[in-house]
Structures are given as structure tokens and as C-alpha cells.
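> Quick one: structure below, then a few questions.
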Amino acid sequence: MKTPPRIAIPVPHSLDPEYAERAMPQYERAVELAGGKPMRIALDQTSATVMKIVASCDGVLLPGSKADVDPVRFRAPRSPHTAAADPARDAVDDLLLRDADARRKPVLGICYGLQSLNVHRGGSLAQHIPDFLPAETRAKVNHDAGKSVAVAHSIQADKNSRLAAIVRERIIPVNSSHHQSADAIGKGLRIVARCTADGIVEALEGTSPDHFMLAVQWHPERSVDDDEPSRAIFRALVEAARERS
């Protein structure tokens, strides 16, 4: 039997262990269901220790977080709605992404993971979606609906995107637990899905055809038991990691 691809997953948050322990198993289980082996990356380790673990991993999953990326990183004044940053998480994300770029390891970003990836690549964020949208569309969708709402809105994927090929649909219903979104798009990334109701960016992909890089703003790990597109996203990551290894 072939060894399952090892997927590095940073612990979601360094400052709230209870939240992190509650959130982490959903990502680990989704990877296991897809045939991968999740490798938990603690946030309190030295860079050298992290890189030693990551060297044996075949792919990266950047999970959600209750933190917000520090707007200093994209040269913007802080919004009063912006949550506290988590420098330890950001440092580990940056290590994983630099390694993934150098070694062409597949990457999947989820919610905060999309935002972290975009800022890592030089992009920026809308720090509070209601402040970013025009008044006539502001109330159409509650992007911060939370995990108690199974379907918050729908997204439409670019027909020529990797995402559309993975989920085999262009319009899919999704959950939503975020108040920030990608604004300026980072180098080597492109928008491949938006919210159908208000146009908020919902997915990014890498522009390099030989490097699997996908990030979604919703939480497919929450719906793998009930939703085929959610399962397909994790299968795509694990398959890309298997092919690379």
C-alpha cells in the first residue's frame, strides 16, 4: 500500500488554544477522508523545527482562524473592525508558503488561509466587507453568518478555472464565516469565483499551470459529510500531493 501524502496544516490560532483544538480536527478529518495524512504544525516552534517537519510533507493546507492579518503587512490603516493579528500563525504560514513555492508543493487555503496567501503574495484585503460594498448591495449577504448557517449564499466559478473542473459545477451553495475578503490580488494569483449576490471574491488560484494552488473563502471542511463539491476540493489537494510525491 502506498504511503498517504502528508499534508502540513498549521494550528489555526496561537493565542486561543480552545478555539484551535475545536477547529483543527475538522481539517484533519477532511484530509483523512480524501486519503491524505494530516501533519499538525504547532505555532510555538522555531523556524528550523518547522522546516524540518515540512521537509517531509507533500502539500499544505492553510486553515481558517479567528485572527485577522495585520493590515501593516499590506500597508493599510487598521479598521476598527479588524481583529487582533496572530504573528505566530502568520510566520508559520509564510514558512510553509515559501517552501511550497520553492518545491512546487500543492496548496489549499481556506477562509483566513486565502487571505494569508493573498497577502503573502503582495495582495491586500478589504478589512470589513460591509464598509467595502456599496449601500445597495451591503445587506444582500451576511458573509459572517457563521457555522450554524449551512448555506449562506452561492458562488459562481470561472468556467475555465481549476475550481470549476474540481467541483464540476459553476454555481455552488456555500457556508460563510468571514468579514474580510481579498481586495488587490497578489502576484501569481487570479480570481476564479465570486459571490453571486454581491461580487465579493470567493476563490483564488495560482496562475502557474504546473503548481496546484487553490484558496476558497468558505469552509468546505464543515460540509464534507453532506456535500460532494466539498469532498472534491480535499481530494484534489491530496491527489496533487500524491502526484508530486
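FYI, it's all coordinate maths here, none of it is from the lab. Predicted model, so just to flag it, every value in this text is computed and none were measured. Glycine also receives a Cβ, built like all others from the backbone with ideal geometry; neighbour counts cover every protein chain displayed.
> Can you tell me how segment 134-245 classifies by the Cα gyration tensor, rounded, prolate or oblate, using a/c under 1.5 as the rounded cut?
Oblate shape, in that a/c is at least 1.5 and b/c is the bigger or equal ratio.
> Still on this structure, please answer the following. Can you report the principal axis dimensions of the chain using only the alpha carbons, biggest first, rounded to whole angstrom?
Between the extreme Cα coordinates on each principal axis of the chain lie 55, 38, 34 Å.
> Right, next: Find how much the distance from Val149 to Asp210 grows on full extension, using 0.36 nm per residue of separation minus their present alpha carbon separation; answer in nm with one decimal.
Here the answer is 18.4 nm.
> Then there is this: Sorted by packing (mean other beta-carbon atoms within 10 Å per residue), highest first, where do 127-135, 192-200 land?
Most protected by this proxy first, the peptides run 192-200, 127-135.
> With r defined as the distance between the Cβ atoms of Asp131 and Lys2 and R0 fixed at 41 Å, what FRET efficiency is calculated, to the nearest 0.05?
Numbers: r = 49 Å, r/R0 = 1.19.
Computed FRET efficiency for Asp131 and Lys2: 0.25.
> Sticking with this one: When the chain is fully extended, how far beyond the present Cα-Cα distance does Arg103 get from Glu18, taking 0.36 nm per residue of separation?
27.3 nm
> While we're looking at this one, here's another question. Please report the net charge: other residues with Cβ closer than 10 Å to the Cβ of Pro38, K and R +1, D and E -1. Working shown, then result.
Numbers: positive: Arg6, Arg29, Lys37, Arg40; negative: Glu28, Glu32.
Result for the neighbourhood of Pro38: +2.
> Between Asp183 and Val72, what is 0.36 nm times their sequence separation minus the Cα-Cα distance? Round to one decimal in nm.
Full extension of this stretch gives 38.5 nm more.
> What's the longest uninterrupted piece of the chain once you rule out the GluC sites (Glu not before Pro) that are loop residues per DSSP with at most 16 other Cβ within 10 Å?
That would be 1-135.
> Straight-line reach from Lys2: which lysines have a Cα under 17 Å away, not including same-chain ones fewer than 8 places off?
Lys37
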